[in-house]
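The values are calculated or read from the model by the stated rules, or taken from the named source; none is laboratory data. Keep in mind that what you see is a predicted model, and the values were worked out from it rather than measured. Counting neighbours? That spans all protein chains shown, and the Cβs are built from the backbone with ideal geometry, glycine included.
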Amino acid sequence: MGKFGFIIHPLCISDFSRKFPFAERIPEGVMKKITERLPPIRVSEITGIESPAGSAEGCFVAVPLLPEQMLGLPEELVRGRILKACRMAQGMGAQIVGLGAFTSVVGDKGLSIAEGLEIPVTTGNSYTVATALEAVRKACSAVGKTLGDSEIVIVGANGSIGSACAKILAPEARFLTLVSRDMEKLEQLAGEIMQLTGLAVHTTNRTEGPLKRADVVITVSSSVDTIIMPEHLKRGAIVCDVARPRDVSAKVSQLRKDVLIIEGGVVKVPGNVNFNFSFGLPPGMCYACMAETMILAMEGRFENYSIGNRLEPERVKEIWKLGKKHGFTLAGIKNPNGFTAYKELEKRV
């Protein structure tokens with residue numbers, strides 16, 4: 001049986017109340033000051049992950065910092081908190097540790113965290129890419145779209161997830177636009193894609209124009225605020241929001257019934273898993289970044305896996321196959337209002 005740890009953190013102040021109900025009575029500004037001083041917290045033990053091919057158990061450890069604190073506080077301080085959390089997980093028996101949400105974004109995407117630990121590290125981003133792309137393909141198929149004939153836009157394309165999505169989609173795409181703030185890096189990525197596939201992609205640091213033309217959007221920025229609003233999207237668009245916190249405003253699902261918003265990377269865990277903690281998904285389901293850590297533990301692959309600024313497409317394909325081997329499956333299409341069966345999607349767009 002493989003053992004793993006997974007590092008989480010609150011995405012908003014209200015997340016604290018899931019573990020500490022008293023937090024609801026504390027003003028937000030005061031709560032932020034408190035969290036800056038809090039050490040990592042043991043959240044729960046995870047049991048019941050099992051398939052005919054293997055089993056695993058693990059733990060959640062929390063770094064009690066919000067996204068804006070992860071990005072705004074001194075990097076050395078934040079990295080130190082993450083390292084302490086990882087060591088706590090190791091002390092609880094973890095043989096590999098996964099970095100969740102903004103703990104995987106800070107600094108160099110896990111490289112320095114891996115250097116400071118005796119156990120390997122993954123961000124879970126390879127399986128996040130694999131499941132997000134599979135969800136997009138299934139959604140397109142259900143509503144009669146094909147990726148080859150769609151205008152595809154990737155927001156946050158310079159990140160490890162966005163660039164991997166771009167490289168994997170490029171061979172089957174005809175119209176691909178990459179959006180990110182750093183145009184120099186974006187042009188480098190576009191050049192790589194041209195060399196690999198011959199596809200000339202459009203690059204821009206502006207979102208509004210490309211979004212208005214897009215049939216399919218994959219958004220995975222590291223913004224702490226929502227960046228996609230109802231007026232930005234084309235009628236009939238499919239938008240896969242992989243970012244945490246979400247890139248797509250809640251107003252989109254409220255006001256735009258003519259578009260389909262799906263959350264990338266939600267999977268069903270094999271066995272009778274008990275997380276002993278609620279992170280907002282139905283029982284037995286988790287995010288793909290968590291699942292990658294579980295899969296590696298079940299497989300006995302105790303090695304650094306998805307770290308650094310660039311993911312290897314071959315690893316994305318490998319972890320998808322390993323997930324299938326161990327019985328991990330897509331949990332259906334998750335939108336802001338819950339889960340939708342693929343066969344029901346044709347009624348939406």
Select from segment 236-254 the residues that are modelled with pLDDT of 90 or more and not β-branched (Val, Ile, Thr) and list them in ascending order.
-> Gly236, Ala237, Cys240, Asp241, Ser249, Lys251
Output the residues belonging to segment 105-161 that are aliphatic (A, V, I, L, M) and assigned to a loop (DSSP other than H, G, I, E, B).
-> Val105, Val106, Leu117, Ile119, Val143, Ala157
Output for Cβ contacts, cut-off 7 Å, separation at least six or different chains, first residue assigned by TED's automatic domain parsing to the domain that holds Pro40 in segment 13-27, second modelled with pLDDT under 70 and among the polar types (S, T, N, Q), reads Ala23/Ser17; Glu24/Ser17
Within segment 89-141, can you find the residues that are of a type in the set (D, E, K, R) and either under 17 Å from the mean Cα position of the chain (by Cα) or in the same structural domain as Val224 (by TED's automatic domain parsing) (or both)?
-> Asp108, Lys109, Glu134, Arg137, Lys138
Within segment 190-228, can you find the residues that are of a type outside the set (A, V, I, L, M, F, W, C) and in contact with a Pro (Cβ under 7 Å, 6 or more places away or on another chain)?
-> Thr197, Thr204
hydroxyl-bearing (Ser, Thr, Tyr) and out of contact with any strand residue (DSSP E or B) (no Cβ under 6 Å at 6 or more places or on another chain), is that true of Ser44?
-> no
Return only the number of the condition from (1) buried (at least 22 other Cβ atoms within 10 Å of the Cβ); (2) more than 22 Å from Ser223 (Cα to Cα); (3) hydroxyl-bearing (Ser, Thr, Tyr) that Ser126 does not satisfy.
-> (2)
In segment 174-191, which residues are within 13 Å of Val217 (Cβ to Cβ) and under 23 Å from the mean Cα position of the chain (by Cα)?
-> Leu176, Thr177, Leu178, Val179
Working carefully through the options Ile154, Ile113, find the one that is crowded, with 24+ Cβ neighbours inside 10 Å, within 27 Å of Val201 (Cα to Cα) and in contact with a strand residue (DSSP E or B) (Cβ under 8 Å, 6 or more places away or on another chain).
-> Ile154
Is it true that Ile34 is more than 30 Å from Leu322 (Cβ to Cβ), in the same structural domain as Asn276 (by TED's automatic domain parsing) and modelled with pLDDT of 85 or more?
-> no
In the set Glu172, Glu184, Glu192, which member is in contact with a helix residue (DSSP H, G or I) (Cβ under 6 Å, 6 or more places away or on another chain) and of a type in the set (Asp, Glu)?
-> Glu172
Examine segment 15-23 for a residue that is at pLDDT 95 or above, under 24 Å from the mean Cα position of the chain (by Cα) and closer than 15 Å to Ser278 by Cβ, and state whether such a residue exists.
-> no
By residue number, the members of segment 64-104 that are at pLDDT 95 or above and part of a loop (DSSP other than H, G, I, E, B) are Met92, Gly93, Ala94, Gln95
Tell me which residues, restricted to segment 30-45, are free of Cβ contacts under 8 Å to residues at least 24 places away in the same chain and surrounded by 14 or more Cβ atoms within 10 Å (Cβ to Cβ).
-> Met31, Ile41
